[in-house]
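FYI, it's all coordinate maths here, none of it is from the lab. Fair warning: this is a prediction, and the values are worked out from it, not measured in the lab. FYI the Cβ positions are ideal-geometry reconstructions off the backbone, even for glycines, and counts take in every protein chain you see.
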Amino acid sequence: MVLEDPERFGLDSSSHGPESRRLNVLELGAGTGLVSLVVMKLLDGLPSFNHREVHVVATDFHPSVLANLRSNVNANVSSTHNQITSTHSITTHFLDWSSFTTTPRPDCLS
């Protein structure tokens, strides 16, 4: 639905300010990272996102799940990805919903 009509969801490229050109996607409890990976691949394929910054952040809590998540991201996002679409990135982060952290947030979320 979002891909059929991105403008309907505020994902159009009509705004020209620097903030409107950046899209941040946060997946909570990413598990294997399937949703984050699919979102990144789909946005990579949309011409309207070729010149927009896209930051996808996949999070999880359990260490073995997070290790698998990182492995899946590395296996599915080629090493040349950032060279081809330098404005699109996907990262993984530890996130524990039950405890508040004072750790600075990643630059891509600032």
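Efficiency by 1/(1 + (r/R0)^6): what FRET value for residue 21 and residue 91, r their Cβ-Cβ distance, R0 = 30 Å, to the nearest 0.05? Before the final figure, lay out the partial values.
Numbers: r = 19 Å, r/R0 = 0.64.
Calculated value: 0.95.
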Next item on the list: Could you sort 47-55, 34-42 so that the peptide with the highest average Cβ count within 10 Å comes first and the rest follow in order?
Entry: 34-42, 47-55
Checklist line | Label-point separation in nm, residue 78 to residue 34, each point 7 Å along Cα→Cβ | finding: 2.4
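By how many nm would the segment from residue 67 to residue 52 lengthen if fully extended, with 0.36 nm per residue of separation less the alpha-carbon distance?
2.5 nm
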Check: Using the Karplus equation 6.51 cos²θ - 1.76 cosθ + 1.60 (θ = phi - 60°), what ³J(HN,Hα) coupling, rounded to whole Hz, does each residue of the stretch 70-76 give in order, writing x for Gly and Pro?
Finding: 4, 4, 5, 5, 4, 6, 9
Next item on the list: Along Cα→Cβ, 7 Å out, is where each label goes; now give me the distance between the ones at residue 98 and residue 41 in nm to one decimal.
Entry: 3.4
Notebook entry, point to check: Once phi is turned into θ = phi - 60°, what whole-Hz ³J(HN,Hα) does the Karplus curve with 6.51, -1.76 and 1.60 give for every residue of the stretch 48-65, x standing for Gly and Pro?
Noted result: 5, 9, 4, 10, 10, 6, 10, 10, 9, 10, 9, 10, 7, 10, 5, x, 6, 5
